[in-house]
Every structure is written in C-alpha cells, then in structure tokens.
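The values are calculated or read from the model by the stated rules, or taken from the named source; none is laboratory data. Every value quoted in this text rests on a predicted model; they were computed, and no experiment measured them. Cβ atoms come from the backbone with ideal geometry, glycine included; neighbour counts cover every protein chain shown.
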Amino acid sequence: MDGNYAEAFSLSGMSSPVEIVDQVISQAAKMNASDILFEPQEKETLVRLRVDGVLQVFGVMPPGSYDQALARIKVLANMDVTENRKPQEAKIRVEVEGHPYVLRVAVVSTNFGQMVALRVLDLPQYSEFEALGMSPLIVDKIKKNIEGRYGLFLVAGPTGAGKTTTVHTCLKYLNNGEVNIMTLEDPVEYVIGGINQIEVGEDIGMDFANGLRMMLRLNPDVVFVGEIRDSETAKVAIQAALTGHLVISTIHARNSVGALYRMMDLGVDKYMLNYALRAVMSQRLLRRVCEHCRAEYVPTQEEVERYVAEAGQALGELFAGKGCEMCRQTKFAGRVGIYELLEVDDEVRKLVFSGAGETEFREEMGKRGFTGMSREGVRLVNEGVTSLKEYLRTMYDAR
C-alpha cells in the first residue's frame, strides 16, 4: 500500500457490502464531504472523500469487497448490475441520522475496473446572504440587481466555488409568492418549495437553450438557467433578459471581468450584452485554518515573493494549521467565501463599447477603486483566517 494512505481505514473487515457502503456514506455526511470516489487500482480500491474542496483518503478495500460494494450501489441506484462497460448515472436518496441526502451517482469503466463517483447533495446550509460571509456592501448590491424587473445577473467561478449556494440564496430571497420563479437545471440538485424546477437532459431531448425557449411561454418573472455553456444558450438568455424577464445564471470564468468577455467569446453582441447585463459576481471558497492547531507560520522566500506580487504589499504575521485530530491532520476546518461584484454602469458600458481588452478593462476598473477577490483574499490571510499557501493555491487562476 502507498505510504500516503497507510493510515486509511480498512474496509475489508466489514461483514457485508451493505455495511461497507453505509459506513462510507455516513462518514461522508458527518465530514460534510461533497463527493465520494471509489477508485479501482491495480491491487485494491481506494475510497476518497472531497472535504472542503480537497480529496482525502478514507479507506481501501480488496477487489472482492469492492465488487460487492459496487453491486450494492448499483442496486440502490436502480442501475443495471450486469452492465460493466457503458457509463451509468442515477440518484440515490438516503438518510443519515434522520437527515435526508441525495447522492448523484456516476459509474464508468476504467483500466482497473468500474469507478464510482457520488456527489453528496444536501440542502444549502445558508439561506441569508450575510451567512455566506458577504460584506454588507455586496449584499446590498446583489439585492438591488436581482430586484429588477428584467436583465441578466451572472455568477462566475470554477466548479466547487459555491455558485449553486449563492444562486439558491438569490432565489430564496426572491421567492415571496408574488412572482413566478422557474429554473432549468442539469440536474435539479436542491428542491425549493414554491419554485417551478425543470430538469434538462439529452435523454428527453431538451438542452438549456430549448428549455429556455419553452419556459418563456409559461409566463415566468424570474428564470434561473443552470449554466451558460454555449453560444445558443448565451444568446437566448440575453434575449430573455431584454424582454422583461430577470435571468440568473452561472458561467465558468476566472473573475467578473473574465465572465463579461466570456459572453462575448460565445458570440453575444456587445451592444446587447451592455443593455442586458446587470451585474456579474465572481467567487471562490478558501479553506479556514483549523482553530485548534493554528500557529504562526514562517513562509518560504518563494511564497513571500508570490505574496508581494499578488498583494502589492509587504508580508506581515502569518498563521497556518499544524494538523490535529479535530481537523484529521488536514490543518483546515470549514471554508469561507470571497466575492467580487461588477455592476454594469455607464463607465463599464463605455469600456465594452470601446473594444478594450480584458487586461486594459481590469486596469481601468482598478483605477476606479474596484475591489477584486484577490484583495479580499489578502485580507483573510493577514487576519489569519486562511493560510498563505491556501490563498496562492486557490487564487492563482483568478487574476
């Protein structure tokens, strides 16, 4: 066994595949893991949990035990137990200590066997913007922009940045019983009472663009489009935003300015974008330093140089976790969100109309005092909330 997971929990001693699967799911729920991975290796199967955005090994099991556990997962998901080559997807509903969870299951064949990935879906823990760690200024700007009768509000960031939680907080805020809120999702992850949620998928011949066209005939006031992935969806979303609908959606982009240029890359006319887009919010999640093993930290010279380059200021006192039982030697416990909000005002529109490049755009916004995520991340490092290494790891691609 690889020394990196020599202390992993052995799952082979369990008496049945039912107990093995239950043990892993239960532990994932207790650790607030977002994903469970069963990964067949040459001689054993590795079980890893993604906690606070980072994978950590939970256990290993021999091939015989894993074959039984795999069959158990397929039975729970109503999958074809005999299918060993074609990918399969499904959902499992479970309860852990009386609390309901939905597991989104994907099975695919690899060179050493069938890998299983389970996304652990729980209702978002937060329903108020302030609980997400947003500043009062950003909260006010979000509310102002999503209370409008029409326009596009985008939430940007990579996978795992907390976009879904932010969007659902927006929808809950708007869900006052006076508006028709409709969503297009792939898949529907969280069920929200009072909102009409529609799942798109290839199996029913409906993608985001087709679904959005259909949805606009159902008299919606607020529309949530799960993700703008392609040119067609982007253009239909813009049209919807210009014809009396508030459209909320997510997009993969490095930052708020990058999201604006990503829309233009998808073929959206800059004039239409200028009139339709209300605001873009970009976000990241940084791991919090464990309070139980937090201690002063001396950075390497390379880290000092990178910090100064990113922050534009000298380095102060730094803190990091040492690793303890409370954080399972990970040095972190929980996460904190950092946000930036770009409102599309007359000055922003002038920059877009002028054909300014993305770098020039950010420089101009900086001169106007625009506060980006990097500055917020630096503040959290200086306050000891997160570590310098975590900041550099998370924010490297956010420039």
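Some notes on this structure:
- From Gly366, Gly357, Gly372, residue being farther than 23 Å from Thr250 by Cα, assigned by TED's automatic domain parsing to the domain that holds Glu310 and not acidic (Asp, Glu): Gly366
- Matching residues, segment 385-399, being part of a loop (DSSP other than H, G, I, E, B) and either crowded, with 17+ Cβ neighbours inside 10 Å or hydroxyl-bearing (Ser, Thr, Tyr) (or both): Val385, Thr386, Ser387, Tyr396, Ala398
- Within segment 355-380, the set of residues being surrounded by 12 or more Cβ atoms within 10 Å (Cβ to Cβ), in a loop (DSSP other than H, G, I, E, B) and free of Cβ contacts under 8 Å to residues at least 60 places away in the same chain comprises Ala356, Phe370, Thr371.
- Tally of residues being out of contact with any helix residue (DSSP H, G or I) (no Cβ under 6 Å at 6 or more places or on another chain), within 23 Å of Gly160 (Cα to Cα) and aromatic (Phe, Trp, Tyr) across segment 314-358: 1
- Criterion violated by Glu310 - all others in (1) buried (at least 18 other Cβ atoms within 10 Å of the Cβ); (2) in contact with a strand residue (DSSP E or B) (Cβ under 6 Å, 6 or more places away or on another chain); (3) closer than 25 Å to Met134 by Cβ satisfied: (2)
- Those strands (runs of 3 or more DSSP E) of segment 179-297 in which 1 or more residues are of a type in the set (Phe, Trp, Tyr) and either free of Cβ contacts under 8 Å to residues at least 24 places away in the same chain or crowded, with 16+ Cβ neighbours inside 10 Å (or both) occupy 222-225.
- For the criterion of being assigned to a loop (DSSP other than H, G, I, E, B), farther than 30 Å from Arg149 by Cβ and free of Cβ contacts under 8 Å to residues at least 12 places away in the same chain, Glu317 fails.
- Only a single criterion out of (1) surrounded by fewer than 19 Cβ atoms within 10 Å (Cβ to Cβ); (2) modelled with pLDDT of 90 or more; (3) under 30 Å from Arg375 (Cβ atoms); (4) of a type in the set (Val, Ile, Thr) is not satisfied by Val108, namely (3).
- Number of the exception - Asn175 against (1) surrounded by fewer than 21 Cβ atoms within 10 Å (Cβ to Cβ); (2) within 24 Å of Tyr261 (Cα to Cα); (3) touching a Gly at 6+ places or on another chain (Cβ under 7 Å): (2)
- Residue count, segment 91-132 (criterion: closer than 23 Å to Val81 by Cβ, part of a strand (DSSP E or B) and touching a residue at least 12 places away in the same chain (Cβ under 8 Å)): 21
- Search result, residues across segment 298-314 that are in contact (Cβ under 8 Å) with a residue 40 or more places away in the chain and part of a loop (DSSP other than H, G, I, E, B): Pro299, Gln313
- Only one of the numbered conditions (1) under 27 Å from Phe153 (Cβ atoms); (2) surrounded by 14 or more Cβ atoms within 10 Å (Cβ to Cβ) is violated by Asp345, and that is (2).
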